[in-house]
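The values are calculated or read from the model by the stated rules, or taken from the named source; none is laboratory data. None of the values given here were measured: they were computed from a predicted structure. With ideal geometry, Cβ positions are generated from the backbone for all residues, glycine too; neighbour counts draw on all protein chains shown.
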Amino acid sequence: MTSVAARPTAAPVRNTRWVRGPIWDTTMACSWMPFALAALVWAGNVDRIEWLVGLTLLFSVSHQPLTMPLVYADAHVYKSRPLIYSLTPPVIVVLVLIGFQLDPIVVAVIAGVWNAGHTLQQRYGIARIYGRKVGQGNGKVEHRLLWTMLILALAVAAANSATPGRIANAGLGGRNQQGLTVLTDAAPVARLALPVLIAYALFLLVQWTRQELSSEQVNPAKWLYLGSTTALIGLTIVSPIAGFVGYVGSHAAEYYLIVHNHLGDRYPDAATDGGAPLGKAVRSRLGPFGLMVIYGMLVWGLILGLLNWGTYEVYAFTFLTLGAMHLFYDGLIWKLRRPEVARGFQIAQPD
């Protein structure tokens, strides 16, 4: 019998495809670093850490209303789910009012888990943009790996006997302190789960590596972004406060950068976007940058106005409502299979 030599598997072609360009993409990938660095430099300084956490949370709040014009100033998006986009605001208003009657810690935990998941989903979505630019169609393993990494990092932080001291030394008070204490209270469960989480993470890492090596093309720009994400998640183990502000702050920074970059290609002309009001504004003399500046002035004016001249309850009600709408809507409007979304990221063929 004649033996047939197995054909060597061709190595995947490296095709670096940026969302915008190397400097812009690297800035986005590393946007968590200034927040985390400030937390590390100011570690032990209670006043500065409290100021940093407060400012980071305000910055995070400021990006959430940006989703509203993407829905309500684009008839094509609104008409894709008119019932949902009409009923969601009053439903969320009712839920927020109910939430005010619950234990603040319960609300903080629910909001924290939802925000953590939402932030990770955004990072997965950006990784998918990089993958889709070189024809990678299946992101399930990547999705599971990112989630497992985050849960593993939180479990390690919870199981670490030094974590309560690190949180206490940060000098946080009120609900921030109480919310992080919930993490340390889960230490017994976390210690039991660690071996399983580590084994599953390694299994997924091997699967992801094999999937990348079997692809026809790979995108090093995606590796840069995922590597930076891994470093951020790992930082949470070493310094929960630095990881927290980096995770929260970079989420908002990425959203601003992505939306600004996305608008021009998403709304190139009236024939393509159906004459959407947002498209008309994008193509006006203001352009995407001018619109973002006006948005920033309006939203920061609202934030500072409510904080200085309103009540905490009105501020909390306003931004909990807008925040919940943002979290829900983002899961609907940023699907790469939507032609207008793929167009905005210069991806030729949506799923």
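Just a few scattered comments:
- Members of region 237-268 found to be of a type outside the set (Val, Ile, Thr) and within 16 Å of GLY279 (Cα to Cα), listed by number: HIS260, ASN261, HIS262, LEU263, GLY264, ASP265, ARG266, TYR267, PRO268
- Among the candidates ALA316, ALA270, ALA276, residue that is surrounded by 14 or more Cβ atoms within 10 Å (Cβ to Cβ) and either of a type outside the set (A, V, I, L, M) or more than 15 Å from GLN64 (Cα to Cα) (or both): ALA276
- Restricted to region 321-337, and to residues there that are in contact with a Pro (Cβ under 9 Å, 6 or more places away or on another chain) and part of a loop (DSSP other than H, G, I, E, B), the residue that is farthest from ALA127 (Cα to Cα) is ARG337.
- For GLU254, the conditions (1) of a type outside the set (S, T, N, Q); (2) within 27 Å of ALA38 (Cα to Cα); (3) surrounded by fewer than 17 Cβ atoms within 10 Å (Cβ to Cβ) are fulfilled apart from (3).
- Test: VAL4 is hydrophobic (A, V, I, L, M, F, W, C), more than 22 Å from ALA221 (Cβ to Cβ) and either modelled with pLDDT of 95 or more or not in a helix (DSSP H, G or I) (or both): yes
- Helices (runs of 4 or more DSSP H) wholly inside region 202-288 containing at least 3 residues that are in contact (Cβ under 8 Å) with a residue 40 or more places away in the chain and either closer than 20 Å to LEU150 by Cβ or of a type outside the set (A, V, I, L, M) (or both): 220-238, 240-266
- Among residues of region 28-47 that are more than 21 Å from GLU254 (Cα to Cα), those with a beta-carbon under 6 Å from a residue that is buried (at least 23 other Cβ atoms within 10 Å of the Cβ) at least six positions away or on a different chain give the pairs LEU40/ALA242.
- Evaluation of ARG20 against the conditions (1) charged (D, E, K, R); (2) part of a helix (DSSP H, G or I); (3) touching a residue at least 24 places away in the same chain (Cβ under 8 Å); (4) surrounded by 15 or more Cβ atoms within 10 Å (Cβ to Cβ) shows that the sole unmet condition is (2).
- Flag if ASP74 is surrounded by 15 or more Cβ atoms within 10 Å (Cβ to Cβ), of a type outside the set (Val, Ile, Thr) and in contact with a Phe, Trp or Tyr (Cβ under 6 Å, 6 or more places away or on another chain): no
- Residue-level check: of (1) modelled with pLDDT under 90; (2) among the small types (Gly, Ala, Ser); (3) under 30 Å from ASN15 (Cα atoms), ALA201 misses just (1).
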